[in-house]
Amino acid sequence: RDSLYMITFLEASKPLRVHEEEVLFAYNSRDIFPALAPRIEQNTVLEGLILDETTLQPVQATIEITDNSKSELLASFESNSTSGSYLITLKPGINYGITVSCPEYMFHSENFNIPDDAEARKIKKDILMKKMEVGVKIVLNNIFFDFNKATLRSESVAELDRVTKLMKDTPSLKIEISGHTDNVGTASYNQKLSRERAKSVVDYLLRQKVSADRLVFQGYGMEQPIADNKTAEGRQQNRRTEFKVLEK
């Protein structure tokens, strides 16, 4: 059973400190309210290993933490070069985008939207990195749309710019952007919505001067689930945008 972590910060307000294996967010109020007890942050602790998906060998990767609501990079650091381990401490009240990248691999993204009233918890998550090869797909976990629409939300910008950078850094790369839904609603409606959402992503890339002949979009609706649609969590996983390598 996972343990709970409670961290008390006692010193004066500090900027983000970056270490090789961890990111710490430090806050305090002693200078302002010297008579009050120290504030206790109900932080989420995220830890695990970064490994090659095929060999399961450790991968030294760059981890970037973004505040999605502001499209602001909060920190960038490296996983452990020997073990591939990482540890991140995240305070409540922020929609975090976490991206793991390494040369010759597809980047991997995760989303953690931590509400203000979230309780302290520990999450163990190993990340399997995929080599950049034809046919490889990744889920773009930090692309968000308005409910039942194909309108990209502002929280998507950091992830979209990440895809843009990859396309510009790899001029030979040709990709398919695909939209997927859960099984709520009719098949025809979901196929149309998923296609329109994929097109919205491609339209953004076109506005960033990525050549149209390198981009394909497709909507698969409910045809390719990756989780069980019987649960809310499964349906959430199935509502996704994917990036597939067609040529490299």
- request: Over the residues of the range 190-248, compute the C-alpha Rg and express it relative to 2.2 N^0.38 Å.
  value: 1.28
- prompt: Which whole-number percent is the relative contact order of the range 39-83 (Cα, under 8 Å, 6+ apart)?
  reply: 31
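Based only on the alpha carbon positions, what is the Kirkwood hydrodynamic radius of the range 103-178, in angstrom? Write out the running numbers ahead of the final one.
Values: mean 1/r = 0.0672 Å⁻¹.
With all distinct Cα pairs of the range 103-178 included, I get 14.9 Å.
In whole percent, how big is the carbon plus sulfur part of the accessible area of the range 133-182, probe 1.4 Å, protein atoms only?
Values: 1120 of 2170 Å².
Carbon-and-sulfur percentage of accessible area, whole number: 52.
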- prompt: DSSP loop GluC sites (Glu not before Pro) in the range 112-171 with at most 11 other Cβ atoms within 10 Å of their Cβ, which ones?
  reply: GLU119, GLU133
- line: Percent of all Cα-Cα pairs per 5 Å bin for the range 97-248, counting from 0 up to the last occupied bin, reads 2, 9, 18, 22, 21, 15, 9, 4, 1, 0
In the range 104-203, the chymotrypsin sites (Phe, Trp or Tyr not before Pro) that fall in loop regions by DSSP, at most 15 other Cβ within 10 Å: PHE147
- request: For the range 151-213, state the average projected area of the convex hull of the C-alpha atoms over all orientations, rounded to one decimal in nm².
  value: 4.8
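Per residue, how large is the accessible surface of the range 77-224? Use a 1.4 angstrom probe and give square angstrom. Please report the intermediate quantities before stating the final value.
Numbers: 6970 Å² over 148 residues.
For the range 77-224, the per-residue accessible area is 47 Å².
Accessible area of the range 49-125 with a 1.4 Å probe: how many percent of it is carbon plus sulfur? Provide the component values of the computation, followed by the final result.
Numbers: 1610 of 3510 Å².
That share works out to 46 percent.
The values are calculated or read from the model by the stated rules, or taken from the named source; none is laboratory data. This one's a predicted model, so the numbers in the text were calculated from it and none came from an experiment. In this analysis, Cβ positions are derived from the backbone assuming ideal geometry, glycine residues included, and neighbour counts consider all displayed protein chains. Just the protein is used for accessible areas: all its heavy atoms, side chains included, with ligands, DNA and RNA removed. Shrake-Rupley method; radii C 1.70, N 1.55, O 1.52, S 1.80 Å.
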